[in-house]
Structures are given as structure tokens and as C-alpha cells.
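Beneath this line is the structure, given in C-alpha cells, with notes to follow.
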Amino acid sequence: MLNKGLRDEESIRIENTLKTLHALVFVPKFWNAEDTSLIDEQLKSFGLSLERTIEIPEEELIILLQRCHLDWNQQEQFADILVSLSKEKQFDFLGKALAIYQYIQQESKDFSFGINSKITSLKDK
């Protein structure tokens, strides 16, 4: 277990990485090598790359996010990023995002209408 000071530092680092990732995928792009290398650079802090994210099974991705100490909110943000990456049809991470949302909804013990809405939306696609 991390002590409180280290947990706070780790949480801040994770939040900064997620914000940067979100900013990179928020604007639609043509996904050239430069764009994907910027995303890969941010994903490295989670032990991922775009290629690894494509290949990793949903269950392993969820375990990896837990090992990286992402809390429920941060896991939801990561799933949101996967959905954003999938919008331009360059990548298909919708199944992985759905698995993360379902895991959060089931394991967090708190029902979230927002996450439930995201699950429904992804199932309808």
C-alpha cells in the first residue's frame, strides 16, 4: 500500500497523464505518426502503447489499470479516452471501454447513472 503522500503524488501524476491524453484525442485528427507517438508517450506511464492497447484483452487491461493505482473516476476517464479514440474509426476500443465501465459499475458498489448511460450508449452502437 502507498502511504498518503505517495498516493497523492501518484494520483496527481495519473490525473495529469489523463488530462494530457484527453487533450490529445479531443480534437479530431488524421492520426499521423506524430499524433500517435504523442499518445504512445502518455500511455507509457500506464505500461501501454496504442498497439498494446489494441492487443490486450479487456480483463488484463482492467487489472493493469488497477496495478497503476487508477481510482474509479480515473478508470472512467481512461475509458472515456478510449471512446474518444474510437470516434474517428481509426481505432476500435469501444469493447474495452464498455468492459471498464461495466467493471466500475459492478465493483465500485456505487450506482452511477452517468456510467450506466455510457454503457447503454456503447451497447447500442
Next item on the list: Run down Leu85, Leu98 and say which single residue is in a helix (DSSP H, G or I), of a type in the set (A, V, I, L, M, F, W, C) and modelled with pLDDT under 95.
Entry: Leu85
Checklist line | Residue check for Glu15: surrounded by 10 or more Cβ atoms within 10 Å (Cβ to Cβ), modelled with pLDDT of 70 or more and not aliphatic (A, V, I, L, M) | finding: yes
Check: All but one of (1) touching a residue at least 60 places away in the same chain (Cβ under 8 Å); (2) surrounded by fewer than 19 Cβ atoms within 10 Å (Cβ to Cβ) hold for Cys68; which doesn't?
Finding: (1)
Next item on the list: Could you tell me whether Phe111 is surrounded by 13 or more Cβ atoms within 10 Å (Cβ to Cβ) and among the hydrophobic types (A, V, I, L, M, F, W, C)?
Entry: no
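The values are calculated or read from the model by the stated rules, or taken from the named source; none is laboratory data. If you're wondering where the values come from, they're calculated on a predicted model, not measured in any experiment. Neighbour counts run over all protein chains shown; Cβ positions are idealised from the backbone, glycine included.
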